[in-house]
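Take a look at the structure set out below.
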Amino acid sequence: MDDPSSALTSPRRLAVLISGEGTNLQALIDAQNTLLLPNTHIVLVLSNRKNARGLIRASTASPPIPTAYLGLQPFLKSNPGKTRDDYDLEVARIVIRAKPDVVVCAGWMHIVSEGFLDVLKGTRVLEGEEILAREVPVINIHPALFGQFDGTHAVERGFEAFQKGEVDELGVMVHRVVKEVDRGEPLIQRRVEVVKGEAIEVYEERLHKVEWEIIVEATRIIVDEIRPPLSSDGTNLHN
Ligand code: GRF
């Protein structure tokens, strides 16, 4: 049986889901095991795109971070009769095998399904897998303020709306993932300056810099929520 005290001192484990460039992942790689994210390390980076640059960021990190790839179309092709829901459950299986404390969707370009969330909550046990000891929270970065521009192309839709005068502020958030897309409780939201007449690329560059800060801050919040931080002698600060 596990020593219960080791649950307080053992490193906090993150699984990160990506689809592309992986600059938000990079922010987490740089922050792991520093004062920004103490006693925390990334145990898995999973991509739904084979050529995602984030996979290279992970495998060339020091020490290298384990990676996995599972694409929806290849999965459906090689498993006739299986569905999108089955794909999500397979993603969940890969994730739970890494035994994460938290899952961070950092530019994961799939809607997170209810089945996936049920597995991470521990209310659904996949065949052949162990029962989860506790719920694994899932968080997501979304490039809009809460309730503003849910779903895909939020940056473009938001920027256009601002330029037309339909909204007067834009921003980014990291939120808890629930089955309603981009509707989970925000852990952090931050406004991003946007200027009339500027190019969207200029705005996007500003937005990404804010994303890289809040993804680390929000991960810290959620990780501390499940496991309070340790003092320098390894004892629990909150006890
Ligand atoms: C970010 O802008 C995120 O908000 C959006 O996808 C982008 C991912 O960028 N959902 P990267 O792969 O982290 O560079």
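The values are calculated or read from the model by the stated rules, or taken from the named source; none is laboratory data. Predicted, not measured: the structure shown is a model, and the values here were computed from it. Backbone-built Cβ (ideal geometry, glycine too); neighbour counts: all protein chains shown.
In segment 7-21, the residues that are more than 11 Å from M109 (Cβ to Cβ) and modelled with pLDDT under 80 reach residues that are part of a loop (DSSP other than H, G, I, E, B) and away from the ligand (no atom under 16 Å from the Cβ) with C-beta atoms within less than 6 angstrom, at least six apart or across chains, in these pairs: T9/G234. The single condition from (1) modelled with pLDDT of 95 or more; (2) in contact with a Ser or Thr (Cβ under 6 Å, 6 or more places away or on another chain); (3) surrounded by fewer than 17 Cβ atoms within 10 Å (Cβ to Cβ) that M109 fails is (1). Would you pick out the residues in segment 126-160 that are more than 10 Å from the ligand (Cβ to nearest atom), among the β-branched types (V, I, T), in contact (Cβ under 8 Å) with a residue 12 or more places away in the chain and part of a loop (DSSP other than H, G, I, E, B)? Of everything in segment 126-160, just one residue is more than 10 Å from the ligand (Cβ to nearest atom), among the β-branched types (V, I, T), in contact (Cβ under 8 Å) with a residue 12 or more places away in the chain and part of a loop (DSSP other than H, G, I, E, B), namely V136.
When residues in segment 168-185 are screened for being buried (at least 18 other Cβ atoms within 10 Å of the Cβ) and either in contact with a helix residue (DSSP H, G or I) (Cβ under 9 Å, 6 or more places away or on another chain) or among the aromatic types (F, W, Y) (or both), 8 of them pass. Looking across segment 12-22, just one residue is closer than 16 Å to E217 by Cβ and either under 8 Å from the mean Cα position of the chain (by Cα) or near the ligand (Cβ under 6 Å from one of its atoms) (or both), and that is V16. Cβ separations smaller than 9 Å between residues 6+ apart or across chains give the following pairs from segment 169-197 residues that are free of Cβ contacts under 8 Å to residues at least 24 places away in the same chain and under 16 Å from N24 (Cβ atoms) to residues that are of a type in the set (D, E) and buried (at least 16 other Cβ atoms within 10 Å of the Cβ): V192/E211. Quick one: would you say I65 is among the β-branched types (V, I, T), surrounded by 14 or more Cβ atoms within 10 Å (Cβ to Cβ), within 16 Å of the ligand (Cβ to nearest atom) and assigned to a loop (DSSP other than H, G, I, E, B)? Judged against the criteria, I65 is a match.
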